[in-house]
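Where a number appears in this text, it was derived from the coordinates with a stated rule and is not lab data. Note that the structure is predicted; figures quoted are calculated from it, not measured. Positions of Cβ are generated from backbone atoms using ideal geometry, with glycine treated the same way; all protein chains shown enter the neighbour counts.
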Amino acid sequence: MWISPSKGVMTFSQVLLKIKEEMEKGYNHDSFRLMVGCDSQTRKNTTFVTAIILHKVGRGAIFFYHKNTVRKIPVMQKRIFSEAAYSLGVAGQLADYLSRINLDVQVEIHVDIGENGETNKMLKEVIGMVAGSGFQCRVKPYSVAASWCADRFNKSETVLSNEYI
């Protein structure tokens, strides 16, 4: 299940329909950026949060996120490649859907890596993985879907009110 802070719990199909609806409302007037990013946190297990952001440039944004917990992955490199793989999977489904309904927007993949820190050693490989899959790749500090949105909801223990459940 996916979560929208404003709409509550949604299926992926409902997320796709909401994105379509928002784009069709302003398609001729607005410019859109569609971003997908993932972040992971390891405690007892590893939790991945994948985020989708539809940025209506100059008019705000809507976003959705999905949490997935797996057995602990202690190796950072494996987690980073898994984050990219989760993002690519969602982005591929989004791109296919948008193509089928004739909405032309480039899906960006945002990865939680940058030139500073431990992850800089993986920069070329992860960017190559994303670009080789046909998507534009954004890294820190421009990777807001991963380094802000997914990270925020991975670190929080956000609980939805009963109205969404």
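Results, tabulated for the structure shown:
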item: Projected label distance in nm at R59 and R152, using a 7 Å step from Cα toward the beta-carbon; result: 2.1
item: Overall form of the chain per C-alpha gyration tensor (a/c, 1.5; a/b vs b/c); result: oblate
item: Extension gain from Q136 to Q93, taking 0.36 nm per residue of separation minus the Cα-Cα distance; result: 13.9 nm
item: Fully extended contour minus Cα-Cα distance, from M1 to V105, at 0.36 nm per residue; result: 35.0 nm
item: Considering only the stretch 2-157, percent of DSSP beta bridges that pair antiparallel, nearest 5; result: 80
item: Residue order, fewest to most surrounding Cβ atoms within 10 angstrom, among C149, C38, C137; result: C137, C149, C38
item: Helix-derived mean residue ellipticity, 222 nm - over the chain, DSSP H n ≥ 4, -39500 (n - 2.57), to 500; result: -10500 deg cm²/dmol
item: Sorted by Cβ density within 10 Å, fewest first, the residues Y86, Y65, Y97; result: Y97, Y86, Y65
